[in-house]
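Okay, so here's the structure we're looking at.
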Amino acid sequence: MDRKIPEHIAIIMDGNGRWAKSRGLARVEGHKRGADTLEFVLRQSVSFGVKYLTVYAFSTENWKRPKTEVSALMNLFSKYLDNKKDELKEQDIRLVVSGTEEGVSKKLLKKIKETEDYLSDCNTLTFNIAFNYGGRKEITDGINKLLAEGRTSITEDEFQNYLYQPDIPDPELVIRTSGEFRISNFLLWEIAYSEFYITNTYWPDFDKNEYEKAIEWFNNRERRFGGVDAK
C-alpha cells in the first residue's frame, strides 16, 4: 500500500528555549536554530507532497515573555520575511499569516502584507504561519464578525467562513515537539478530528528521521471521525 501523505500538517514548534538552555546558550539562540529547522521542514514538506503546512510561531500568550525575547522573535520573523521570500517564490510556496494585528508594529504588518502579496500566485504548498495567534481569539473574532453582520444563528459549515483562513482545510496531522501534551490554544476549531503525534525531540533537533516517523505513525492510524471500526 502506498504511504498516505496528509494534505495539511500543523506543527507546534516547541522546545527552542529548553534546547538552548541544555547547551548553556541564550534562549534566542534556540529560536535561531529553530528557524533553520523550519526551513528544512518546509523543504521536506514540499518533497513529501504536503499541500498545507501550518506552524505555531508566536502565540497571543507569548507577549508575556521577557521583552528582550519578544523583541528578538519579532526581529527574527522580520528578517525571515526579508531573506526567504525569493526562496519561497522559487519553490512555488504561498505564504499566509494567521493571527491578530493587535500589538504588532505597523512596519512589520506592512512587510507581512507585502510578502503575502508577492507570493500570492504560488500554489505548490501553502505555508501558514500562526503569528500573534490564539485559537480562542480566532473564534471570538469570527463571532464578532457575524454579530456585526446581524447574524443571530449560524451552522458549523458557515462558521468556517469566519475563521482566519477559511480556504485552508482542517489539519489531518498535528505534530508537537518537546514531549508536551497540550494544545496551547492552537487551532481550537480546526483540530477537532486531527491526529496528534507527540515527540520528545526538541524542535531544533527535529530532522528528516523524526518527520518520517510522524508520517509513518499517521499511516498506522484509522481515522473514523466519530464512526465505528469498519472491520
Completion exercise
Summing -39500 (n - 2.57) over every DSSP H run of at least 4 in the chain, dividing by its residue total and rounding to the nearest 500, the 222 nm mean residue ellipticity is -13000 deg cm²/dmol
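Pairs of alpha-carbon atoms within less than 8 angstrom and 6+ residues apart define the contacts here; what relative contact order does the chain have, in percent? Please list the in-between numbers first.
Working: 329 pairs, mean separation 65.0, N = 231.
Computed over the chain, the figure is 28 percent.
Rounded to two decimals, what is the ratio between the C-alpha radius of gyration of the chain and 2.2 N^0.38 Å?
Details: Rg = 17.9 Å, N = 231, 2.2 N^0.38 = 17.4 Å.
Here the answer is 1.03, to two decimals.
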Exercise for the section: Obtain the nm distance between the two label points defined at Trp217 and Lys111 by a simple spin-label model: each point lies 7 Å from its Cα along the Cα-to-C-beta direction. Expected result: 3.4
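Take peptides 209-222, 88-101 and line them up by average Cβ neighbours within 10 Å, highest first, as a rough protection proxy.
On the way: 209-222: 14.4, 88-101: 17.6.
Going by the mean number of other Cβ atoms within 10 Å, highest first, we get 88-101, 209-222.
Going by average Cβ density within 10 Å per residue, which order do the peptides 74-84, 105-115, 193-203 take, highest to lowest?
On the way: 74-84: 15.5, 105-115: 13.5, 193-203: 18.4.
Descending mean neighbour count gives 193-203, 74-84, 105-115.
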Problem - Potential extension, Ser22-Asp121 segment - 0.36 nm per residue separation minus Cα distance - result: 31.5 nm
Handout entry: Leu38, Leu188 arranged by Cβ crowding within 10 Å, fewest neighbours leading
Key = Leu188, Leu38
Practice task
Taking amide H positions as placed in the peptide plane 1.01 Å from N, state which residues far from Ile11 in sequence (5 or more) or on other chains have amide H under 5 Å from it.
Solution key: Thr54, Val55, Tyr56, Ile175
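All of the numbers you see were taken from the coordinates with simple rules; none came from a lab. Owing to the predicted nature of the structure, the values given are computational and were not obtained by experimental measurement. Neighbour counts run over all protein chains shown; Cβ positions are idealised from the backbone, glycine included.
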